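Working notes, beginning with the structure itself.
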Amino acid sequence: MKKHWYIFLAFFRVGMLGYGGGPSSIPLVHKEVVDKYKWMDDDEFGDILALGNALPGPIATKMAGYIGYRVSGIMGMLNAILSTILPTIILMIILLTTLSNFREFDWVQGMTAAVLPVVGMMMAVLTWQFFEKAGKGMGWITTIILCAIIFVLLQLLGVHPGILIAAFIIFAFIKKDKKSPEKEGEHT
């Protein structure tokens, strides 16, 4: 029962504070799941994030569902998903009703603009953590080259992120398969 309460609290906080949608929720999920409750480590979180981004649908609910399931089965999954989306639904109804009446006021526009740098910095910190992890795992030169290639593919050529993630997963499987002991014995 205590696990369910922690799952609820963790994802309710994410749902309440994840201003800006799914991508801005990722650092909050990381803080709760990896740092606070230690339900997984950085490597596992990165894997879940990569796979979640490759699949269709909102990232926050996909991650909540998987993590809730992993921590406490089907009930944990339902708990995590509901505690992630209910605050957003309630806040949307309240805020949109209220703000639509006051949207031309400067303080409303200022409030919205002031949150953007906070969300941007949270994303930058998480990005840096993933960049450091990749640099340590693959080497800094490989990481920098891959980041440059990915930037060009995403920003300049408009390739969908899911396609890139799927391509890298396939590449990793092929590379792993070539290094497996059975394959090495056949080549000698």
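A short reminder: the numbers here are calculations on the coordinates, not readings from a lab. Computed from a prediction, not measured in an experiment: that's the story for all the values here. Neighbour counts run over all protein chains shown; Cβ positions are idealised from the backbone, glycine included.
In segment 2-105, the ratio of gyration radius to Kirkwood radius, Rg to Rh, stands at 1.03 when only Cα atoms are counted. With unit charges on the beta carbon (Lys/Arg positive, Asp/Glu negative), name the residue among L17, I74, A50 whose Cα is farthest towards the positive pole of the charge dipole of the chain. My answer, from the dipole projection, is I74. One entry in (1) 202; (2) 132; (3) 164 is volume of the Cα convex hull per residue in Å³ calculated from the shown coordinates; its label is (3). For V159, the residues whose amide H sits under 5 Å from its own are L154, ignoring neighbours fewer than 5 places away on the same chain, with H placed 1.01 Å from N.
Between the listed residues H160, W5, F171, the Cα displaced farthest toward the positive end of the dipole of the chain, a dipole computed from Cβ unit charges relative to the Cα centre, is found at W5.
Using Cβ point charges alone (K and R +1, D and E -1), the dipole size of the chain about the Cα centre works out to roughly 300 debye. Residue separation of Y37 and L86 scaled by 0.36 nm, minus their Cα-Cα distance, works out to 15.5 nm of gained length.
Projected label points at E104 and I174, each 7 Å from Cα along the beta carbon direction, are separated by 5.9 nanometres. Relative to the longest principal axis of the C-alpha atoms of the chain, give the angle of the C-alpha long axis of helix 59-102, reported between 0 and 90° and rounded to the nearest 10°. Tilt of helix 59-102: around 40 degrees.
Taking the Cα centre of segment 2-105 as reference, the dipole from Cβ charges on Lys and Arg (+1) and Asp and Glu (-1) amounts to some 360 debye.
The relative contact order of segment 2-105, computed from alpha carbon pairs under 8 Å that lie at least 6 residues apart in sequence, is 32 percent.
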